[in-house]
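The values are calculated or read from the model by the stated rules, or taken from the named source; none is laboratory data. Small disclaimer: the values here were computed from a predicted structure and weren't measured. Every residue, glycine as well, gets a Cβ built from its backbone with ideal geometry; the counts of neighbours run over all protein chains shown. To get the accessible areas, we keep the full protein, side chains included, count just its heavy atoms, and leave off ligands, DNA and RNA. Shrake-Rupley method; radii C 1.70, N 1.55, O 1.52, S 1.80 Å.
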Amino acid sequence: MNKTIIGALPGDHNLMNYSELVLNFNFEESIREFYGEAKEANISYHVLEKNISRGLGDKIALYYEGDERQESYTFSQLQRQVNKFANVLDKCGLGKGDRIALFLPRTPELYISFLGAVKKGLVVVPIFEAFMEDAVKERLLDSAAAALVTNADLLARVPKQELPELKTILLTKGGQYQGTLDWHSEVGMASSESGYCPVDREDPLFILYAAGADGQPKGLVHVHGCAPGLWVTANWVHDLKADDVYWCTADPGWITGIAYGFLAPWLHGVTVLVKGGRFDAARWCEVLQKYRVSVWYSAPTAFRMIIAAGKDTYGKYDLNRLRHILSVGEPLTEDVMQWSQAAFGIPIYDTWWMSETGMNMICNFRCLDIKLGSIGKPVPGIKAAVVDDLGNELPPYRIGNLAIKAGWPAMARDVWGNHQKYLEYFRLKPWFISGDAAYMDEDGYFYFQGRVDGIINTAGERVGPWEVEKKLKEHPAVKDAGVAGKPDKIRGEIVKAYIVLNQGFTWSENLAQELRNYVKTGLAAHASPRQFEVKESIPKTPDGKVDRKVLRGWALELGKR
Ligand code: PRX
């Protein structure tokens, strides 16, 4: 099969010889190298003190560009803030193993709170800012979070009386309420010296809730020992160099915004840009120019929205510091690739991975040819394959389950409170079954072919159909509901809902709008169906679950072709 090829880039890359490294690399050695003599396992040491001890204390760790605030922190300044917050947690009687939820917009307080909590051995539960009451309550209850950092606006979505474990609430902005503490005054009063809570590499670091197809989101438990996995991929895939300014546009409510938003680049002492506020094509280009971003990690939907804004927008800015662009989360379409080549003279490097894998798994590398449409080749140390439903490896060009041989540093170690769910990922030993379909070509390049289950990927954000169906069915007009991803030019997929109406209700655009708002205000805006279709019934499997294959067929309009 002929695929358009973009040749390997000339130049001095961190990874020059992929094939040799695949043969010679093993994670055990790199783990030893990473931890060195110190053997300190707490990841906050590796992103702060380690950098300071190698002379990077005065280097900028974080540029923050918000709509109302612009700030910068050196590694030493960041460390002092982190220590102060760690001391606030001590004062509140919080310690090792306690869960602390961070429900915040992208602001410096989020990053400081994350590392301060981690320093004291707490387990962070990130909650994406767009989640509404049901989703927030579900995550706080399931993790039994003892503490929460949020702001006064978002606090309105936290049903405190239904959360008996939640004892401490710190507000970063918007006034104070009974039973809350002011983040800034507490941090202001605290000492800037703090020691570590000793942790084991296998101790939990954060619990990230990821949507499943037929049930509540799963709390994926990630551990401190993810660090060497982030470290090697930031080196080989992101090609980070000491003088880079790195911008990963993902929100830390999602895995990308945690793993590569700050942890991975800071493990290398690289300067990170965080932009607050909503997406805006012109503002994005402006900050790329202003901060002289050299490595940019984003997603196809964002690229497509910049393309849609037109050359009059992106063409106005001097973006020639950009030397490496990467993409994640959804298929990188050919139009986006062509745009990047034309606008910046460089290709975009696609990376495939998941909340469950915790780190980049299958990627394109600067030292290798890119085959358009391929997610690339496995990261050295990772064995990927396409397997059938019994776990047998399939030959090239056969579509099957995209699988990874279990056991890499950043792999999620458990599903919080539901070990059985975790084991389901490993039902075909020795493979971790991703839930994605793929095929491989004769050169070992992989090609993503969509989800096997019904999980929806809209604008790179993962939506569980079950959660949306549950919410829709709570509405008096809806007797039954089935939700699927429908292909969309800009967003990759949109959420489409098929509904059966209860007696006495008739379909109208007003009702559609009401249902949209109902999901938006109860669950999350990104999970709200853009389209509806009324049906007589929703197809079910023999065990009574929504038949996701039939629904997918409906969404693809297969019968109408
Ligand atoms: O379906 C795959 C898609 O995103 C899913 C994982 O979503 P999440 O856990 O939210 O993590 C997203 C970013 C790490 C995968 O199962 N996906 C991820 N990367 C790609 C992708 N689809 C196509 N191309 C990719 N490069």
Considering residues that are closer than 20 Å to Cys363 by Cβ and in a loop (DSSP other than H, G, I, E, B), the number found within the stretch 381-394 is 3
Only strands (runs of 3 or more DSSP E) wholly contained in the stretch 21-140 count here; list those with 3 or more residues that are open to solvent by less than 10 Å² (accessible area, probe 1.4 Å) and out of contact with any Cys (no Cβ under 9 Å at 6 or more places or on another chain). 60-65, 99-102, 123-126
Within the stretch 395-402, is even one residue assigned to a strand (DSSP E or B), farther than 25 Å from Leu15 by Cβ, within 16 Å of the ligand (Cβ to nearest atom) and open to solvent by 10 Å² or more (accessible area, probe 1.4 Å)? yes
Quick one: in the stretch 456-478, which of the residues that are in contact with a helix residue (DSSP H, G or I) (Cβ under 8 Å, 6 or more places away or on another chain) and in a strand (DSSP E or B) is nearest to Ser298 (Cα to Cα)? Glu461
Within the stretch 218-236, track down each residue that is open to solvent by 10 Å² or more (accessible area, probe 1.4 Å) and within 13 Å of the ligand (Cβ to nearest atom). Lys218
Condition met for Ala484 (more than 22 Å from the chain's Cα centre (by Cα), modelled with pLDDT of 95 or more and assigned to a strand (DSSP E or B)): no
Please pick out the residue among Asp441, Asp414, Asp436 that is open to solvent by less than 20 Å² (accessible area, probe 1.4 Å) and more than 15 Å from the ligand (Cβ to nearest atom). Asp441
Which of the residues spanning the stretch 174-196 are at pLDDT below 95 and surrounded by 15 or more Cβ atoms within 10 Å (Cβ to Cβ)? Tyr196
Considering only residues that are among the charged types (D, E, K, R) and in contact with a helix residue (DSSP H, G or I) (Cβ under 7 Å, 6 or more places away or on another chain), which ones fall in the stretch 190-206? Glu193, Arg201, Glu202, Asp203
Residue among Gly492, Gly454 that alone is within 15 Å of the ligand (Cβ to nearest atom), open to solvent by less than 20 Å² (accessible area, probe 1.4 Å) and modelled with pLDDT under 95: Gly454
Test: residue in the stretch 258-269 that is assigned to a loop (DSSP other than H, G, I, E, B), open to solvent by 20 Å² or more (accessible area, probe 1.4 Å) and more than 16 Å from the ligand (Cβ to nearest atom): yes
Given (1) in a strand (DSSP E or B); (2) more than 15 Å from Asp214 (Cα to Cα); (3) of a type outside the set (Asp, Glu), index of the condition Gln513 fails: (1)
Find all pairs meeting these conditions: Cβ atoms under 7 angstrom apart; at least six residues apart or on different chains; first residue within the stretch 165-179 and under 21 Å from Ala86 (Cβ atoms); second residue of a type in the set (D, E, K, R) and buried (at least 20 other Cβ atoms within 10 Å of the Cβ). Thr172/Glu109
Considering only residues that are open to solvent by less than 20 Å² (accessible area, probe 1.4 Å) and either under 16 Å from Pro378 (Cα atoms) or among the hydroxyl-bearing types (Ser, Thr, Tyr) (or both), which ones fall in the stretch 329-352? Ser340, Tyr349, Asp350, Thr351, Trp352
Among the residues of the stretch 361-371, is any over 27 Å from Phe279 (Cβ atoms), of a type in the set (Asp, Glu), open to solvent by 10 Å² or more (accessible area, probe 1.4 Å) and without any contact (Cβ under 8 Å) to a residue 12 or more places away in the chain? no
Taking the conditions exactly as written (free of Cβ contacts under 8 Å to residues at least 60 places away in the same chain, charged (D, E, K, R), outside any helix (DSSP H, G or I) and more than 16 Å from the ligand (Cβ to nearest atom)), does Asp318 satisfy them or not? yes
Show the residue pairs that are 6+ apart or on different chains and have beta-carbon atoms under 9 Å apart, the first residue being within the stretch 195-218 and part of a loop (DSSP other than H, G, I, E, B), the second being open to solvent by less than 20 Å² (accessible area, probe 1.4 Å) and aromatic (Phe, Trp, Tyr). Arg201/Tyr35; Gln216/Tyr209; Pro217/Tyr209
Which is open to solvent by less than 20 Å² (accessible area, probe 1.4 Å) and more than 15 Å from the ligand (Cβ to nearest atom), of Pro409, Pro430? Pro409
What is the one condition in (1) away from the ligand (no atom under 12 Å from the Cβ); (2) surrounded by 22 or more Cβ atoms within 10 Å (Cβ to Cβ) that Ile255 does not satisfy? (1)
If you check Ala497 against the conditions, is it modelled with pLDDT of 95 or more and either crowded, with 23+ Cβ neighbours inside 10 Å or in contact with a helix residue (DSSP H, G or I) (Cβ under 9 Å, 6 or more places away or on another chain) (or both)? yes
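Take Glu37 and decide whether it is modelled with pLDDT under 95 and out of contact with any His (no Cβ under 8 Å at 6 or more places or on another chain).
yes
Just to be sure, is Ala459 within 13 Å of the ligand (Cβ to nearest atom), touching a strand residue (DSSP E or B) at 6+ places or on another chain (Cβ under 8 Å) and either open to solvent by less than 40 Å² (accessible area, probe 1.4 Å) or free of Cβ contacts under 8 Å to residues at least 40 places away in the same chain (or both)?
yes
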Would you check which residues across the stretch 350-372 are more than 10 Å from the ligand (Cβ to nearest atom) and touching a Ser or Thr at 6+ places or on another chain (Cβ under 8 Å) and list them? Lys371, Leu372
